[in-house]
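Enquirer: Have a look at this one before I ask anything.
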Amino acid sequence: NAGVMQNPRHLVRRRGQEARLRCSPMKGHSHVYWYRQLPEEGLKFMVYLQKENIIDESGMPKERFSAEFPKEGPSILRIQQVVRGDSAAYFCASSPPAVNWETQYFGPGTRLLVL
Amino acid sequence: AQTVTQSQPEMSVQEAETVTLSCTYDTSESDYYLFWYKQPPSRQMILVIRQEAYKQQNATENRFSVNFQKAAKSFSLKISDSQLGDAAMYFCASRGYGGSQGNLIFGKGTKLSVKP
């Protein structure tokens, strides 16, 4: 059973460009979470999604950031008009709908660098 | 709001020895879960161990065990027979119980070094 997959692993953008980060949850997992990790910090929650629904986006900046988890395909975290402060590691995690629902399994992360 | 505090930014242990990493938390939830994650230099987040707050018995996973003190809101991780591969950042995390309480709250981490 493949783990959580994220791509790209590394992404370089210039200020003002758009960044799209993809996350494919583990097979059978219907819950997806996005976290951001700044250097020397712990992970900070951004958004929690189920298929076609945003459950909790309380940790996501109101502007420039959006997330989706469509019926088909990966979850996407989109950052418009990136700024240098968006440089961070972005982690996706998934959890199953029933047994062990409370445990989140993480992908390898996407390192975003904004020049 | 939930908070998680790790008061040891760095720890060091001799190979084959035992080390304990501290974690305290604050929550108004009656049911919740606690976790320890390991982040090696590859930066992959790896689940080490988890504890259900309603269980009094401390969780154990091979060389890893926890000391869960619910009244004191303390959740320390003990690593026995430390190995070089245990060197990593260790993050303590909590999450609430219930459909909308999905997110993990992380501490700032403890960097563990293992000396040969």
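Enquirer: Give B:55/B:108; A:44/B:108; A:44/B:78; A:51/B:38; A:44/B:38 a once-over and call out the pairs whose C-alpha atoms are over 19 Å from each other.
Expert: In this structure, B:55/B:108; A:44/B:78; A:51/B:38 exceed 19 Å between Cα atoms.
Enquirer: Using 1/(1 + (r/R0)^6) with R0 = 25 angstrom and r between the beta carbons of residue A:18 and residue A:62, what's the FRET efficiency to the nearest 0.05?
Expert: 0.90
Enquirer: Taking square-rooted eigenvalues a ≥ b ≥ c of the alpha carbon gyration tensor, is chain A rounded, prolate or oblate, where a/c under 1.5 means rounded and, failing that, a/b exceeding b/c means prolate?
Expert: The shape class here is prolate.
Enquirer: Farthest toward the dipole's positive end in chain A, which of A:90, A:60, A:43, given Cβ charges of +1 (Lys, Arg) and -1 (Asp, Glu) about the Cα centre?
Expert: Towards the positive end, the residue furthest out is A:90.
Enquirer: Once you have the Cα-Cα distance between residue A:87 and residue A:51, take 0.36 nm times their residue separation minus that, and quote the gain in nm to one decimal.
Expert: 10.2 nm
Enquirer: Placing +1 on the Cβ of each Lys and Arg and -1 on the Cβ of each Asp and Glu in region B:29-116, which of B:30, B:77, B:49 has its Cα farthest towards the positive end of the resulting dipole?
Expert: B:77
Enquirer: Listed highest first by mean packing, meaning other Cβ atoms within 10 Å per residue, what order do A:37-43, A:101-107 come in?
Expert: Descending mean neighbour count gives A:101-107, A:37-43.
Enquirer: Which value, in debye to the nearest 20, gives the size of the charge dipole of chain A about its Cα centre, when Lys and Arg are +1 and Asp and Glu are -1 at the Cβ?
Expert: The calculated dipole for chain A is roughly 500 debye.
Enquirer: Taking the Cα centre of region B:16-66 as origin, work out the dipole magnitude from +1 charges on Lys and Arg Cβ and -1 charges on Asp and Glu Cβ, in debye rounded to 20.
Expert: Dipole magnitude for region B:16-66 comes out near 260 debye.
Enquirer: With charges set only on the Cβ (+1 for Lys and Arg, -1 for Asp and Glu), what does the dipole of the protein assembly as shown come to about its Cα centre, in debye to the nearest 20?
Expert: The calculated dipole for the protein assembly as shown is roughly 720 debye.
Enquirer: List, largest first, the extents of the alpha carbons of the protein assembly as shown along their principal axes, each in whole Å.
Expert: 49, 38, 34
Values in this text are rule-based calculations from the coordinates and carry no lab data. None of the values given here were measured: they were computed from a predicted structure. Cβ coordinates were reconstructed from backbone atoms using ideal geometry, including for glycine residues, and neighbour counts include every protein chain displayed.
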